[in-house]
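The values are calculated or read from the model by the stated rules, or taken from the named source; none is laboratory data. Bear in mind the structure is a predicted one, so any value in this text is a computation, not a measurement. We place every Cβ from the backbone using ideal geometry, glycine too, and count neighbours over all the protein chains shown. With ligands, DNA and RNA removed, areas are computed over all heavy atoms of the protein, side chains included. Shrake-Rupley method; radii C 1.70, N 1.55, O 1.52, S 1.80 Å.
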Amino acid sequence: MAAVPQTDREKRKQISVREIAQVGDVVNLKKTFNRHLHYTIVKDRNVATPRDYFFALAHAVRDHLVGRWIRTQQYYYEKDPKRVYYLSLEFYMGRSLSNTMVNLGIQSACDEAMYQLGLDIEELEEIEEDAGLGNGGLGRLAACFLDSMATLGLAAYGYGLRYDYGIFTQKIRDGWQIEEPDDWLRYGNPWEKARPEYMLPVNFYGRVENMGDGKAKWVDTKVVFAMPFDSPVPGYGNNTVNTMRLWSAKAPNSFDLQFCK
């Protein structure tokens, strides 16, 4: 007689815990997951880590976004609706995997696909880093506005800064709080798409030189390049996928050897 599973994890191995998924959706997700594991992560099941499985699943889910994302932008271009541009210093988007699966209606299919592959989707969801783009109320409010506008089908865009580090990672040692850098981009971000072709120069410092006739020129500046990274913002239960564009600071191509002396 087989032993009765005792823990929640053992029970989840016996049966998928979410609603029944369509067979075709599950088969396609398994194929997409394995394709990304092999060709994007460049690993197989013999050497892959749980983090590799998370990235393969994230890329598989992202594939379901891309077509909707492009079609949404094409629709905005053709119909030219009024647009909303939401500028914020923070966008506390949280973890994107579970939110994206729910909004696209593929959560049960992903759950079943991972179950058939012998993986626990809840463990993979816990591996995702919280995007270090906000601190609290302001950033969460901005993220909620982006989600809501996508769900309402509004032509909306979020603009902000792509912070390399979050506020800090908190640890408790001997009863005291210890702050450590929140390197949330250490392993990369599967949801964003770099757009180096749209990089722009931003000038700092310098001085204003009077050119006469009421004209002036800004000279002797220090240039920093701003490179945009686009992330999809899917609406719930529709095909709308809006864009959040975050700008990252990059050094200019020129290199001053004087700083090395």
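From the protein chains alone at 1.4 Å, what is the descending order of accessible area for Trp247, Trp191, Trp176, largest first? Before the final figure, lay out each step's value.
On the way: Trp247 60, Trp191 15, Trp176 185 Å².
Output order, biggest surface exposure first: Trp176, Trp247, Trp191.
Would you please classify the overall shape of the range 76-150 from the alpha carbon gyration tensor, given that a ≥ b ≥ c denote the square roots of the eigenvalues, rounded means a/c under 1.5, and beyond that prolate means a/b larger than b/c while oblate covers the rest? Mind showing how you got there, number by number?
Details: a/c = 3.74, a/b = 1.55, b/c = 2.42.
In terms of gyration-tensor shape, oblate.
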In whole angstrom, note down how far apart the Cα centers of the range 92-148 and the range 163-228 are.
-> 26 Å
Förster radius 35 Å - calculated FRET efficiency between Tyr165 and Tyr85 (Cβ-Cβ, nearest 0.05) | 0.85
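May I ask for the Kirkwood hydrodynamic radius of the range 180-259, worked out over all distinct Cα pairs and given in angstroms to one decimal?
Evaluated on the range 180-259, it is 16.4 Å.
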In the range 177-205, which residues have a backbone nitrogen under 18 Å from the label point lying 7 Å from Asn253's Cα in the Cα-to-Cβ direction?
-> 195-203
Can you give the charge dipole size of the range 106-261 about its Cα centre, rounded to the nearest 20 debye, using +1 on the beta carbon of Lys and Arg and -1 on the beta carbon of Asp and Glu?
-> 1200 debye
Size of electric dipole in the range 58-124: Cβ of Lys, Arg +1 and of Asp, Glu -1, about Cα centre, debye, nearest 20 = 540 debye
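At 1.4 Å probe size, put Asp52, Asp183, Asp174 in order of accessible surface, largest to smallest. All intermediate terms of the calculation are to be shown ahead of the outcome.
Values: Asp52 20, Asp183 50, Asp174 155 Å².
Largest accessible area first, the list is Asp174, Asp183, Asp52.
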Can you give the helix-only mean residue ellipticity at 222 nm for the chain, where every DSSP H stretch with n ≥ 4 adds -39500 (n - 2.57) and the sum goes over all residues, rounded to the nearest 500 deg cm²/dmol?
-> -11500 deg cm²/dmol
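If r is the Cβ-Cβ distance from Glu78 to Arg173 and R0 is 35 Å, what FRET efficiency results, to the nearest 0.05? Before the final figure, lay out each step's value.
On the way: r = 57 Å, r/R0 = 1.64.
Efficiency at R0 = 35 Å is approximately 0.05.
Computed over the Cα atoms of the range 124-261, what is the ratio Rg over Rh, Rh following Kirkwood? Show your work: numbers first, answer last.
On the way: Rg = 20.2 Å, Rh = 18.6 Å.
Using only Cα positions, Rg/Rh for the range 124-261 is 1.09.
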In terms of solvent-accessible area of protein heavy atoms at a 1.4 angstrom probe, what is the ranking of Lys31, Lys250, Lys82, highest value first?
-> Lys82, Lys31, Lys250
Based on alpha-carbon positions alone, could you give the equivalent ellipsoid semi-axes of the chain from the gyration tensor, as √(5λ), descending, whole Å?
-> 41, 24, 18
Projected convex hull area of the range 53-205, Cα atoms, direction-averaged, in nm², equals 13.0 nm²
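When you have a sec, figure out the Kirkwood radius of the range 122-199 from all distinct Cα pair distances and drop it here in Å to one decimal? Spell out each step's value before the answer.
Values: mean 1/r = 0.0656 Å⁻¹.
Answer for the range 122-199: a Kirkwood hydrodynamic radius of 15.2 Å.
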Normalised by the number of residues in the chain, what is the relative contact order in percent for Cα pairs under 8 Å and 6+ residues apart?
-> 20 percent
Distance between modelled label sites at Asp220 and Glu122, nm, 7 Å Cα→Cβ extension | 6.4 nm
What is the sum of charges around Tyr75, taking Lys and Arg as +1, Asp and Glu as -1, for the other residues whose C-beta is under 14 Å from the C-beta of Tyr75?
-> +3
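Which semi-axes, in whole Å and largest first, does the equivalent ellipsoid of the range 27-101 have when worked out from the alpha carbon gyration tensor as the square roots of 5 times its eigenvalues? The partial results should precede the final answer.
On the way: eigenvalues 199, 58, 16 Å².
Its equivalent ellipsoid spans semi-axes of 32, 17, 9 Å.
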